[in-house]
Amino acid sequence: MIKQSQKNSCAVKFADGAIATLQIPLKLRLKTENERLAVRILACDYRQYKLMSQFGRISSRFPADDLNEVDNRLIETVGGSILIELEYQAGKEVIVPFSTAVARENSRGSITNAQRASRATATLGSRSRPAIVRDEELISSIATATDAVSSVADVLANLPVRRSR
């Protein structure tokens, strides 16, 4: 679905080949992840921009309201990994869904899987701890604690004694 730009908006016109950053909606990212994705402008049709990320051409088109200009000094840093020409595999253009490009940028799977893993970790840490601990785990943790205490005692025994006058 193409989001229509508003007639009276004073959106910036982007030149073809320019580097910009695209706003990532909250439902496609976690709170700690980047809010913007670096993209290259490929073409503009009917106030909608065809964009390319470093992972391939993004399947949908975006209005200028969702794009930010990149300062000329930062173009190489931000957009250096984005190809200038379209990428082809088996004679077809590589087209990547927006959600996939965001997931690859953040080095994770889908947002649903990331949220599910986060919820599982939170519930495991707060209330549903296993009531029965295996004997091997208990013995191992006691041995580790005993080793730590004995090494601290050795260090303290080897410290020089200060006598106060």
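Annotations for the structure displayed:
- In the set (1) exposed (fewer than 10 other Cβ atoms within 10 Å of the Cβ); (2) modelled with pLDDT under 75; (3) not in a helix (DSSP H, G or I), the condition left unmet by SER107 is number (2).
- Cross-chain or 6+ apart pairs with Cβ under 7 Å, region 78-95 first and at pLDDT below 75, then in a loop (DSSP other than H, G, I, E, B) and of a type in the set (A, V, I, L, M): VAL78/VAL70; GLY79/VAL70; GLU87/VAL94
- Flag for ILE132 being within 20 Å of LEU26 (Cβ to Cβ), modelled with pLDDT under 75 and either over 25 Å from the mean Cα position of the chain (by Cα) or among the β-branched types (Val, Ile, Thr) (or both): no
- Any chance ILE24 is β-branched (Val, Ile, Thr), touching a Phe, Trp or Tyr at 6+ places or on another chain (Cβ under 8 Å) and modelled with pLDDT of 80 or more: no
- Any chance ARG73 is more than 17 Å from ASP16 (Cα to Cα) and without any contact (Cβ under 8 Å) to a residue 60 or more places away in the chain: yes
The values are calculated or read from the model by the stated rules, or taken from the named source; none is laboratory data. Please read these numbers as outputs of a predicted model, since none were measured by experiment. Glycine also receives a Cβ, built like all others from the backbone with ideal geometry; neighbour counts cover every protein chain displayed.
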